[in-house]
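**Q** So that we are looking at the same thing, I have put the structure below in C-alpha cells.
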Amino acid sequence: MFCTPADRRRSHHPADLIGTDRRAHHPDLTKLQGWKSMKAEADLPEGRWDEERRWALRMGLTGADSIEDKSIPTFARGELPHFAGINTFLKAPYAEDVTEVGDYDATILGIPFDGGTTYRPGTRFGPQGLRKISALYTPYNYELGVDLREQMTLCDAGDVFTIPANLEKSFDQISRAVSHVFSSGSLPVMIGGDHSIGFPCVRGIAECTSKKIGIVHFDRHADIQEKDLDERMHTTPWFHSTLLPNVPAKNLVQVGIGGWQVPREAVKVARDRETNIITMGDMEKMGIEKTAEMALEMAWDGVDMVYMSFDIDSIDCGFVPGTGWPEPGGFLPREALALASKVAAEGICGMELVEVSPPYDTSDITALMGTRVIVDVLGSLVASGNMGKHTRHIDKPVAIPHGEFEGKRWHGRTKR
Ligand SMILES: [Mn+2]
C-alpha cells in the first residue's frame, strides 16, 4: 500500500503504538542515567545537611514566629539563601585560622595575583569572582549521584597575601601557602590568578615530598618558555616547574594546545624537554575517552602523584570571555568537564584553576565555568574514591610557625 509522509508521521504518534509491536521500540527508562540517578539519590546520606541547618540556627538564631519552616534562622548562615551571606567557595567554612585546614579533605586557596599577565589583567579578582558565583551551586550533582557536603569535607582558607609588583616575592608566598596546605594532608585547590602561579604552586607541593609528580595541563597555550618580557610571566610556569628535581618534563601532558598564540620559543622548549602535547584537533579525532586515557598514561608513567592545572582559556573563548588571552577554537564546556573529571578520577595531589578575569567577564559566565570545573573535579574524586589518595606520599611536610597573639581582633567594648 502506498504510504504518504503524513501517514508515516501519524503512525509514530504514541496513541497509535499502544497495543502494537512498535511499543517494544520505546526506550527502556531503567537504562537512562536520568532514571538511575533518581533512584540513587535515596541512598545518599543527609546528616550533614541536617547538621548545617541546626548549626545555622545556633549561629544565626531562630527565625520569626511567622516563618513556618523552623529551620530558617534570623541571620543567614550557611548555604541558604544562595544570594545572601559572606561568600566563601561553595559557602564552605572559612578556615580563618589556617592551622585548621588539616581537618578538611580539601582546601580552597585563593591566589589573587595578575603580575605575570602579558595582555589583559584582572585575574587578581579571580578568586573573589569564583567565590561569588559559586554561591549558586548546591553541593549535589544529579548525574554523578554525589553530594559533596555529605561525602567529603571542604574549607576555604581565603587568599594568599601576594605582593602586586613583585613576582618572586609573590611566588615565595604562594609556595609557602601551598606547602602548608599540602603538608596538612588537605588537598590544595588553588583559584587564580594568572598562570604564572603554576610554578610556585607545583614548587610548594614538590618540596613536601621525595616522590615524583606528573602534570596534566589544560590550555590553548604551551606556557613553557623560560622568560617573557624579561620575567617569569604567565607564559613560563612549566619551564620552571619541570626543572624541579621531582617533576619530570616527560610527565608533563599539555592538552588542548593550538591556535595562533603558541610562541615558537615555547615549542622549542617542549621539544627539547620531550613534554607531551595533545592538540584540540587530536582530541577531536580521538574522542574524549581516548584522550583522557592517553593523558593519564603519559602523566602517570613512573610517577607517584599527578597535579592538575586548568587554564580556563582552554575552553572556547565564546564561553569564557573573561580571560587574559582569549583564543577561539577551544574545548566545548562538556568536553572540558568530561576530560577534567576523567583525569581527576585517578586521583590528584592538587589543582589550580587559573586565568579567570572578572573585569572582562560577562554575567559571571567565565567564573561560573571555572567554578564548575572545580566542583566537577571534587565530584569525580569523591565518586572514584580517590580523594586523599596522595597523602601517603607526603614524606617531607613543612611546619610554618605562627605569630604570637592571644584573644580576638576588633573584640570587646571600647571604654567610653
Ligand atoms: Mn592559556
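**Q** Just to be sure, is Asp194 within 16 Å of the ligand (Cβ to nearest atom) and either under 28 Å from Met283 (Cα atoms) or out of contact with any helix residue (DSSP H, G or I) (no Cβ under 8 Å at 6 or more places or on another chain) (or both)?
**A** So Asp194 fits the description; yes.
**Q** Still on this structure: Looking at Gly350, Gly330, Gly324, which is the one that is under 25 Å from Ser241 (Cα atoms) and touching a Pro at 6+ places or on another chain (Cβ under 6 Å)? Please lay out each step first, then the result.
**A** Details: Gly330 fails: touching a Pro at 6+ places or on another chain (Cβ under 6 Å); Gly324 fails: touching a Pro at 6+ places or on another chain (Cβ under 6 Å).
Step by step, each of Gly350, Gly330, Gly324 is checked, and only Gly350 is under 25 Å from Ser241 (Cα atoms) and touching a Pro at 6+ places or on another chain (Cβ under 6 Å).
**Q** Of everything in the range 199-217, what is out of contact with any Asp or Glu (no Cβ under 6 Å at 6 or more places or on another chain) and within 16 Å of Ala299 (Cα to Cα)? Give them in sequence order.
**A** Val202, Ala206, Ile213, Gly214, Ile215, Val216, His217 - these are the residues of the range 199-217 that are out of contact with any Asp or Glu (no Cβ under 6 Å at 6 or more places or on another chain) and within 16 Å of Ala299 (Cα to Cα).
**Q** Now a separate question. One residue is enough: does the range 305-322 have a residue meeting the conditions within 13 Å of the ligand (Cβ to nearest atom) and among the polar types (S, T, N, Q)?
**A** yes
**Q** Which of the residues spanning the range 84-101 are at negative phi and within 19 Å of the chain's Cα centre (by Cα)?
**A** Asn87, Thr88, Phe89, Ala92, Pro93, Tyr94, Ala95, Val101
**Q** Provide a single number: the residues in the range 205-241 that are farther than 13 Å from Ser309 by Cα, in a strand (DSSP E or B) and hydrophobic (A, V, I, L, M, F, W, C).
**A** Number of matching residues: 0.
**Q** Is it the case that the range 238-250 has a residue that's over 29 Å from Met387 (Cβ atoms), surrounded by 21 or more Cβ atoms within 10 Å (Cβ to Cβ) and more than 13 Å from the ligand (Cβ to nearest atom)?
**A** Yes - at least one qualifying residue is present in the range 238-250.
**Q** Using the structure shown, decide if Glu274 is surrounded by fewer than 23 Cβ atoms within 10 Å (Cβ to Cβ), at negative phi and away from the ligand (no atom under 14 Å from the Cβ).
**A** Values: surrounded by fewer than 23 Cβ atoms within 10 Å (Cβ to Cβ): yes; at negative phi: no; away from the ligand (no atom under 14 Å from the Cβ): yes.
Judged against the criteria, Glu274 is not a match.
**Q** Using the structure shown, decide if Thr20 is over 31 Å from the mean Cα position of the chain (by Cα) and at pLDDT 95 or above.
**A** It is false that Thr20 is over 31 Å from the mean Cα position of the chain (by Cα) and at pLDDT 95 or above.
**Q** Would you pick out the residues in the range 208-237 that are aliphatic (A, V, I, L, M), under 21 Å from Ala340 (Cβ atoms) and within 16 Å of the ligand (Cβ to nearest atom)?
**A** Ile215, Val216, Ala222, Ile224, listed by residue number.
**Q** Of these, Thr62, Thr117, Thr153, Thr138, which one is surrounded by fewer than 19 Cβ atoms within 10 Å (Cβ to Cβ), of a type in the set (Ser, Thr, Tyr), modelled with pLDDT of 95 or more and more than 16 Å from the chain's Cα centre (by Cα)?
**A** Of the residues listed, the single one that is surrounded by fewer than 19 Cβ atoms within 10 Å (Cβ to Cβ), of a type in the set (Ser, Thr, Tyr), modelled with pLDDT of 95 or more and more than 16 Å from the chain's Cα centre (by Cα) is Thr62.
**Q** Filter the range 339-354 down to the residues that are in a loop (DSSP other than H, G, I, E, B) and more than 12 Å from the chain's Cα centre (by Cα), then identify the one that is surrounded by the most Cβ atoms within 10 Å (Cβ to Cβ).
**A** Cys349
The values are calculated or read from the model by the stated rules, or taken from the named source; none is laboratory data. Model, not experiment: these values are computed from the prediction. Note: ideal-geometry Cβ built from the backbone for every residue, glycine included; neighbour counts use all protein chains shown.
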